[in-house]
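First comes the structure, then the notes that go with it.
What follows is calculated from the coordinates using simple rules that are stated; it is not laboratory data. Please read all numbers here as calculations on a predicted model, not as lab measurements. Cβ atoms come from the backbone with ideal geometry, glycine included; neighbour counts cover every protein chain shown.
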Amino acid sequence: MTEYSDKLSKNFQRAEFACGCGCGYDDISPKLVDKLQMLRDLVGKPIIVTSGCRCKLYNSHIGGVGNSPHLTGKASDIYCDGIDIYELAGRADLIFSRIGLYPDNHFIHVDIVPPHPSKFWVRHKGEYKYFRPPYNHYDDVMNYIFEEKLR
Ligand SMILES: [Zn+2]
C-alpha cells in the first residue's frame, strides 16, 4: 500500500483510486490518471472518482464483470458536478478508449483497454446497450439517449 497523501497528478491523489473494500489495493495506471487529468483540465471542474481499483473480491461483491479493467487499475467510474454525464461522455470521447454511460446512477465508466465489444455502452434498467460499428460514435449514443428519453 502506498502513502495516501501520494499526489499522482495536479488534481488526483492515489487515495481516490483505492479499492472500496478497504483492502488497500490502489495500483492505478499512470496512463489512466494522465487521461483523467486531461479530462479534468478540459472540463475545468473537479472529477469525482466513485470507483477506481478493485480487488477480485470487491469487484464480484458489487457485481462487476469478471474481466473488469478495474481489477488491473485501468478504469474509473466518475462524475462531475454541474456537467451531466452525457456532456462528460462527449468530452471523454476524445481521450478514452471505452466509455460506459450509467444514466440511472449518474456516472460514466472510462478506461484504457481496447474497445471490446464496443467503445460506448449504456446501462439502463439493468440492460446493456452496446454501440457496435458502424453505429459506434458519440452521435449514435446521443440519438439513443434521445429516443429512450434519458435526457
Ligand atoms: Zn479490495
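For helix 138-147, what angle does its Cα long axis make with the longest principal axis of the chain, in degrees from 0 to 90 and rounded to 10? Between helix and principal axis, roughly 60 degrees. Across all Cα atoms of segment 1-81, the radius of gyration (one decimal) and Dmax (whole number) stand at 12.2, 35 Å. Coupling constants for segment 60-77 follow from the phi torsions by the Karplus curve (6.51 cos²θ - 1.76 cosθ + 1.60, θ = phi - 60°), and in residue order they are 6, 4, 9, x, x, 5, x, 9, 4, x, 4, 5, 10, x, 10, 8, 8, 9 Hz; glycine and proline get x.
Taking the Cα atoms of the chain, the ratio Rg/Rh between the radius of gyration and the Kirkwood radius comes to 0.95. Here segment 74-121 and segment 35-63 have alpha carbon centers that stand 10 Å from each other. Derived scalar couplings between HN and Hα for segment 107-121 equal 9, 10, 9, 10, 8, 10, 9, x, x, 10, x, 7, 5, 10, 8 Hz in order, rounded to whole Hz, by the Karplus curve 6.51 cos²θ - 1.76 cosθ + 1.60 (θ = phi - 60°), x for Gly and Pro.
In loop segments of segment 42-151 as defined by DSSP, the GluC sites (Glu not before Pro) with at most 16 further C-beta atoms inside 10 Å of their C-beta are 148.
Structural size metrics of segment 39-83, computed from C-alpha coordinates, are Rg and Dmax of 12.5, 35 Å.
Note: relative contact order over segment 14-147, using C-alpha pairs below 8 Å and six or more positions apart, is 18 percent. Close Lys pairs in the chain (alpha-carbon distance under 24 Å; sequence gap of 8 or more, or different chains): 24.
Along segment 94-100 the Karplus relation, 6.51 cos²θ - 1.76 cosθ + 1.60 evaluated at θ = phi - 60°, assigns HN-Hα couplings of 6, 10, 9, 7, 9, 9, x Hz to successive residues, with x for each Gly and Pro. Here's how it looks for residue 124: its modeled amide H is under 5 Å from those of 129, which are all 5 or more places away or on a different chain.
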